[in-house]
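The values are calculated or read from the model by the stated rules, or taken from the named source; none is laboratory data. No experiment lies behind these values; they were computed from the predicted model shown. Here the Cβ positions follow ideal geometry from the backbone for every residue, glycine too, while neighbour counts run over all protein chains shown.
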């Protein structure tokens, strides 16, 4: 899989951009705030029509643009065919003055939903702030795992969306029962719906994380010269062993366990007006030599662990889909020591396509520079 062409109109720094993207490593070099990160953000936006940098897509439309419309077009080469992904962000006037954002997605010229993008273009994104995924709250780690699973399996993405709808309905009912009282028997229907989709999600997460663990361990050992052993551990919101000690990660066992947990927590949930268990409260832990990095990891350890996880995700996507994802790396070399930088670059140089940004080309060895396409980024423009 390869991104062969990218077209941007009024997206972040880019008023207008049309560029072919070659295979192999491409280095985007330039000062800060010139458009390097925005270029990677645009490429990643084609994966699922969401940005890792903002929850408000209005911010993606270049300031002062009239009419306020941004457009992204990517040509994706997959095996013997090429697909065209187009996304339009349209800010429409509204009575409150803020405007309403409308998002249009087209696949090969046909209008689709944003969820239909999953699996069309796969990419793994490395960001400087990824270290916060290790150190921060569980939501970031869940989102990271869900994003990877959705690229490999569009059905997972659809199920995750359905679970979110059920959870919203159940929380609304809990809130209503908390405020107005009423029969808690109304929850039974939503308990069953939540357990059905929740058990499936948890089973898929557990299976994927076990496979990622097998891949991430050797990668991390190589990046740390065998000094550190990385392990990934799935930590669901309840102990599945209580439902089925023999096969705790089977879907039916998880459904039974989640149903039992909902029944156990019902009095507390009615008092608080919210769902207190389920996939929305799962976590995953990264440990090095048995120590939880969230509590004991140094900044360097956490960064290397996240790099190992991202590289494992890339290998896992190859195994699951049969195609290599595009690697997108934003200033990830700056905080690595020289040896880890060299080890990482050797891996990236072998990738079918990788886009890397840096403020300083000297971060890269002469050998890497000779094997790479090097572009200068200045004021939203690219030049060799």
Under 7 Å between Cβ atoms, at least 6 apart or on separate chains: pull out the pairs that start in region 330-341 with a residue that is more than 15 Å from residue 30 (Cα to Cα) and end on any residue that is assigned to a loop (DSSP other than H, G, I, E, B). 341/333
Right, residue 37: out of contact with any strand residue (DSSP E or B) (no Cβ under 8 Å at 6 or more places or on another chain) and under 26 Å from residue 332 (Cα atoms) or not? no
Looking at (1) in contact with a strand residue (DSSP E or B) (Cβ under 9 Å, 6 or more places away or on another chain); (2) more than 22 Å from residue 157 (Cα to Cα), which is the one condition that is false for residue 271? (1)
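Is it fair to say residue 194 is at pLDDT 95 or above, under 29 Å from residue 321 (Cβ atoms), buried (at least 22 other Cβ atoms within 10 Å of the Cβ) and in contact with a helix residue (DSSP H, G or I) (Cβ under 9 Å, 6 or more places away or on another chain)? So that I can check it myself, show each step before the final result.
Working: at pLDDT 95 or above: yes; under 29 Å from residue 321 (Cβ atoms): no; buried (at least 22 other Cβ atoms within 10 Å of the Cβ): yes; in contact with a helix residue (DSSP H, G or I) (Cβ under 9 Å, 6 or more places away or on another chain): yes.
When the stated conditions are applied, residue 194 does not pass them.
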Screening 216, 231, 210 for residues that are assigned by TED's automatic domain parsing to the domain that holds residue 160, in contact with a helix residue (DSSP H, G or I) (Cβ under 8 Å, 6 or more places away or on another chain), under 17 Å from residue 287 (Cα atoms) and surrounded by fewer than 19 Cβ atoms within 10 Å (Cβ to Cβ) leaves only 231
Across region 287-305, what is the number of residues that are closer than 25 Å to residue 338 by Cβ, in contact (Cβ under 8 Å) with a residue 60 or more places away in the chain and surrounded by fewer than 23 Cβ atoms within 10 Å (Cβ to Cβ)? 8
Residue 284: passes all of (1) out of contact with any strand residue (DSSP E or B) (no Cβ under 6 Å at 6 or more places or on another chain); (2) surrounded by 17 or more Cβ atoms within 10 Å (Cβ to Cβ); (3) within 30 Å of residue 43 (Cα to Cα) but (1)
Residue 144: passes all of (1) crowded, with 21+ Cβ neighbours inside 10 Å; (2) in contact with a strand residue (DSSP E or B) (Cβ under 9 Å, 6 or more places away or on another chain); (3) within 23 Å of residue 316 (Cβ to Cβ) but (1)
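Hey, among 327, 317, which residue is under 18 Å from the mean Cα position of the chain (by Cα), within 26 Å of residue 77 (Cα to Cα) and in a helix (DSSP H, G or I)? Break it down stepwise before answering.
Details: 327 fails: in a helix (DSSP H, G or I).
Unique residue meeting the criteria: 317.
Take the conditions under 29 Å from residue 41 (Cα atoms) and modelled with pLDDT of 90 or more and apply them to residue 327. Does it pass? Step through it out loud before you land on a result.
Numbers: under 29 Å from residue 41 (Cα atoms): yes; modelled with pLDDT of 90 or more: yes.
Here the answer is yes, as residue 327 does meet what is asked.
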Does any residue in region 54-68 that is more than 9 Å from residue 101 (Cβ to Cβ) and in the same structural domain as residue 143 (by TED's automatic domain parsing) come within less than 8 Å, Cβ to Cβ, of a residue that is modelled with pLDDT of 90 or more and part of a helix (DSSP H, G or I) six or more places away or on a different chain, and which pairs are these? none
Checking residue 253 against (1) surrounded by fewer than 19 Cβ atoms within 10 Å (Cβ to Cβ); (2) in a helix (DSSP H, G or I), the condition it does not meet: (1)
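Only one of 113, 81, 100, 88 is surrounded by 14 or more Cβ atoms within 10 Å (Cβ to Cβ), over 30 Å from residue 334 (Cα atoms) and not assigned by TED's automatic domain parsing to the domain that holds residue 311. Can you tell me which?
Numbers: 113 fails: surrounded by 14 or more Cβ atoms within 10 Å (Cβ to Cβ); 81 fails: surrounded by 14 or more Cβ atoms within 10 Å (Cβ to Cβ); 100 fails: surrounded by 14 or more Cβ atoms within 10 Å (Cβ to Cβ).
Just a single option satisfies the conditions, and that option is 88.
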Can you name every one of the helices (runs of 4 or more DSSP H) wholly within region 123-208 that holds 2 or more residues which are more than 16 Å from the chain's Cα centre (by Cα)? 154-180
Against the definition (surrounded by fewer than 16 Cβ atoms within 10 Å (Cβ to Cβ) and touching a helix residue (DSSP H, G or I) at 6+ places or on another chain (Cβ under 7 Å)), how does residue 320 come out, yes or no? no
Scanning region 257-297 for residues that are in a helix (DSSP H, G or I) and out of contact with any helix residue (DSSP H, G or I) (no Cβ under 8 Å at 6 or more places or on another chain), the one farthest from residue 220 (Cα to Cα) turns out to be 267
Answer yes or no: is there a residue in region 342-360 that is in a loop (DSSP other than H, G, I, E, B), more than 20 Å from residue 8 (Cα to Cα) and without any contact (Cβ under 8 Å) to a residue 40 or more places away in the chain. yes
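Residue by residue through region 170-188, note down the ones that are surrounded by fewer than 21 Cβ atoms within 10 Å (Cβ to Cβ) and closer than 15 Å to residue 258 by Cβ.
Step one: of region 170-188, the residues surrounded by fewer than 21 Cβ atoms within 10 Å (Cβ to Cβ) are 171-173, 175-188.
Once the filter is applied, which keeps residues that are surrounded by fewer than 21 Cβ atoms within 10 Å (Cβ to Cβ) and closer than 15 Å to residue 258 by Cβ, region 170-188 yields 187, 188.
Name the single residue that is nearest to residue 11 (Cα to Cα) among those in region 361-384 being touching a residue at least 24 places away in the same chain (Cβ under 8 Å) and assigned to a helix (DSSP H, G or I). Give the derivation first.
Of region 361-384, the ones touching a residue at least 24 places away in the same chain (Cβ under 8 Å) are 361, 363-364, 368-369, 371-382.
Next, from what is left, pick out any that are assigned to a helix (DSSP H, G or I): 361, 363, 368-369, 371.
Numbers: 361: 25, 363: 28, 368: 30, 369: 29, 371: 30 Å.
Out of the qualifying residues, it is 361.
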